[in-house]
Amino acid sequence: MSKSTYPPISEHLDDVAAARDEGRRKMDWALQHMPILQELREQFREEQPLADQTIGMAMHVEAKTANLVELLALGGAEVAITGCNPLSTHDDVSAALDEHDAITSYAKRGVGDEDYYAAIESVVAHEPTITVDDGMDMVYAIHEDHPELIDTIVGGAEETTTGVHRLRAMDDDGELKYPVFAVNDTPMKRLFDNVHGTGESSLATIAMTTNLSFAAKNVVVAGYGYCGKGVAKKAAGQNANVIVTEVEPRRALEAHMEGYDVMPMNEAAEVGDVFVTTTGNRDVITREDFAEMKDGVLLANAGHFDIEIDLDALSDLAVDEYEARDGVRAYEMDDGRRLNVIAEGRLVNLAAPVALGHPAEVMDQSFGIQAVCVRELVENGDAYDAGVHDVPDDLDREVAEIKLAAEGVEIDSLSDAQAEYMDSWSHGT
């Protein structure tokens, strides 16, 4: 296949050496707080489970992700990576990765659509045997534009909710042609990354970007999936009044039983001070909602793509737009109200100027799952047909056990009698 002409990050920067040093400093700090990846680094370096593999990645290229990338390279793989969001790349971290002999990084912050997809093409040009995605853009590009590669691809892994939704829709249509692990849906990812990671990092980024408090404010959380639960829980912990909007009746009832106010978005629009979307869907906050909002509201998105807040409608309604603060764009309505959008409506915990993403301890777990899933594909890829697959439970437990050991936490184990009882159907009253 033809090679893309989009160059690696090192060719974009004026002072590559300084960028590499700073990126390495960030990576080293994060790795101190990632005991799962530390343990797997030792295993992968010694066992070389990924020898002769080429891994193509589209991820948020920052320090924690970089430690996963380096782990895969230490395991014997050649790795090519680019960003999965135009505003989440840290150029210095990308440059540090690109310095590694077995890693090529094309990720650059702030690129337009054309360069964003050109960089994906550059990764695909490495002819990956395994893909690792956050949002499914790599899988899509291969299926749409390079189907000739599919026969030599062992499988893939998908990091986030939006990507898994896309993959399942693709699989339902019979269009997904190689196996992909739904890393997002496994307990070690969903219960920690989605709840604690999204909750903590989204609210922290909003607070740092605006220098405002959540205490006594009405925080409207759109969607009560695992990410929404995390945002609601953490906002309540900062003394906010939490309002949840939902379209799924059981999740709405769950939020109600947790003590949150539940109402339609158009009603919440009248009273909300801060709005955080977490649905993975489009048009969650619309023209009709903007018309009801108070002066000074904050609008942020914690979903993967920038389509949850209808920015086209907001821009159409505004008589003036300006940068109120770094990372905050104010839209002034004809009646003088100002509605403030953070990070251009993109993934707030990674796209705002001060954003650092999820805490290192949380991403350690998620990236540990990614690493063992890649290892599983190399070792047992033939066991998986084309389509979306749950992460094998023994892999999820393996990562949990590494984390518990690192934390010095011991747990009980089942006796033989207990194990037999749990596996039997013959024990009655």
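The values are calculated or read from the model by the stated rules, or taken from the named source; none is laboratory data. Small disclaimer: the values here were computed from a predicted structure and weren't measured. Reconstructed Cβ throughout: ideal geometry from the backbone, glycine too, with neighbour counts over all protein chains shown. To get the accessible areas, we keep the full protein, side chains included, count just its heavy atoms, and leave off ligands, DNA and RNA. Shrake-Rupley method; radii C 1.70, N 1.55, O 1.52, S 1.80 Å.
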(request) May I ask you to say which residue of 33, 60 is in contact with a strand residue (DSSP E or B) (Cβ under 8 Å, 6 or more places away or on another chain) and either farther than 11 Å from residue 375 by Cβ or not aromatic (Phe, Trp, Tyr) (or both)? (result) 60
(request) Would you mind finding the one in 123, 139, 132 that is open to solvent by less than 40 Å² (accessible area, probe 1.4 Å), in contact with an Asp or Glu (Cβ under 9 Å, 6 or more places away or on another chain) and either in a helix (DSSP H, G or I) or at pLDDT below 95 (or both)? (result) 139
(message) What are the pairs with Cβ atoms under 6 angstrom where one residue, in the stretch 48-70, is touching a residue at least 40 places away in the same chain (Cβ under 8 Å) and the other, located anywhere, is assigned to a helix (DSSP H, G or I) and of a type in the set (Phe, Trp, Tyr)? Sequence gap at least six, or different chains.
(response) 68/367
(request) Take the stretch 107-136 and flag every residue that is touching a Pro at 6+ places or on another chain (Cβ under 7 Å) and either of a type in the set (Asp, Glu) or more than 27 Å from residue 388 (Cα to Cα) (or both). (result) 110, 111
(request) Could you tell me which numbered condition residue 338 fails, if it satisfies all but one of (1) among the basic types (Lys, Arg); (2) open to solvent by less than 70 Å² (accessible area, probe 1.4 Å); (3) under 30 Å from residue 269 (Cβ atoms)? (result) (2)
(request) Output the residues belonging to the stretch 81-92 that are in contact with a strand residue (DSSP E or B) (Cβ under 7 Å, 6 or more places away or on another chain) and among the hydrophobic types (A, V, I, L, M, F, W, C). (result) 81, 84
(request) Quick one: count up the residues across the stretch 193-228 that are more than 21 Å from residue 351 (Cα to Cα) and crowded, with 22+ Cβ neighbours inside 10 Å. (result) 1
(message) Please go through the stretch 350-391 and give me each residue that is open to solvent by 20 Å² or more (accessible area, probe 1.4 Å), of a type in the set (Gly, Ala, Ser) and outside any helix (DSSP H, G or I), ordered by number.
(response) 386
(request) Kindly list the number of the only condition in (1) crowded, with 22+ Cβ neighbours inside 10 Å; (2) closer than 21 Å to residue 368 by Cβ; (3) out of contact with any strand residue (DSSP E or B) (no Cβ under 6 Å at 6 or more places or on another chain) that fails for residue 158. (result) (3)
(request) Determine, yes or no, whether residue 65 is in contact with a strand residue (DSSP E or B) (Cβ under 7 Å, 6 or more places away or on another chain), β-branched (Val, Ile, Thr) and more than 15 Å from residue 366 (Cβ to Cβ). (result) no
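For (1) under 20 Å from residue 210 (Cβ atoms); (2) over 27 Å from the mean Cα position of the chain (by Cα); (3) open to solvent by less than 10 Å² (accessible area, probe 1.4 Å), each residue gets a yes or a no:
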residue: 247; (1), (2), (3): no, no, no
residue: 251; (1), (2), (3): no, no, no
residue: 271; (1), (2), (3): yes, yes, no
residue: 274; (1), (2), (3): yes, no, yes
residue: 279; (1), (2), (3): no, no, no
residue: 287; (1), (2), (3): no, yes, no
residue: 297; (1), (2), (3): yes, no, yes
(request) Tell me, please, whether a residue that is in contact with a Lys or Arg (Cβ under 7 Å, 6 or more places away or on another chain) and aliphatic (A, V, I, L, M) can be found in the stretch 388-409. (result) yes
(message) Cβ-Cβ distance below 7 Å, separation of 6 or more or different chains: which pairs start in the stretch 391-416 with a residue that is under 24 Å from residue 375 (Cβ atoms) and end on one that is polar (S, T, N, Q) and in a helix (DSSP H, G or I)?
(response) 399/365; 403/365
(request) Within the stretch 130-158, work out how many residues are over 27 Å from residue 90 (Cβ atoms) and either in contact with a Leu (Cβ under 9 Å, 6 or more places away or on another chain) or of a type in the set (Phe, Trp, Tyr) (or both). (result) 3
(request) Output the number of residues of the stretch 93-105 satisfying the condition of being touching a strand residue (DSSP E or B) at 6+ places or on another chain (Cβ under 6 Å), open to solvent by 10 Å² or more (accessible area, probe 1.4 Å) and part of a helix (DSSP H, G or I). (result) 1
(request) Consider only pairs whose beta carbons are under 9 Å apart and that are at least six residues apart or on different chains; among these, list those whose first residue lies in the stretch 105-117 and is more than 19 Å from residue 146 (Cβ to Cβ) and modelled with pLDDT of 95 or more and whose second residue is open to solvent by 20 Å² or more (accessible area, probe 1.4 Å) and polar (S, T, N, Q). (result) 105/10
(request) State whether one or more residues within the stretch 142-152 are hydroxyl-bearing (Ser, Thr, Tyr) and open to solvent by less than 10 Å² (accessible area, probe 1.4 Å). (result) no
(message) Could you check the stretch 142-155 and list, in sequence order, the residues that are in contact with a strand residue (DSSP E or B) (Cβ under 8 Å, 6 or more places away or on another chain) and in a loop (DSSP other than H, G, I, E, B)?
(response) 153, 154
(request) May I ask you to say which residue of 164, 154, 183, 132 is in contact with a Lys or Arg (Cβ under 7 Å, 6 or more places away or on another chain) and touching a residue at least 60 places away in the same chain (Cβ under 8 Å)? (result) 183
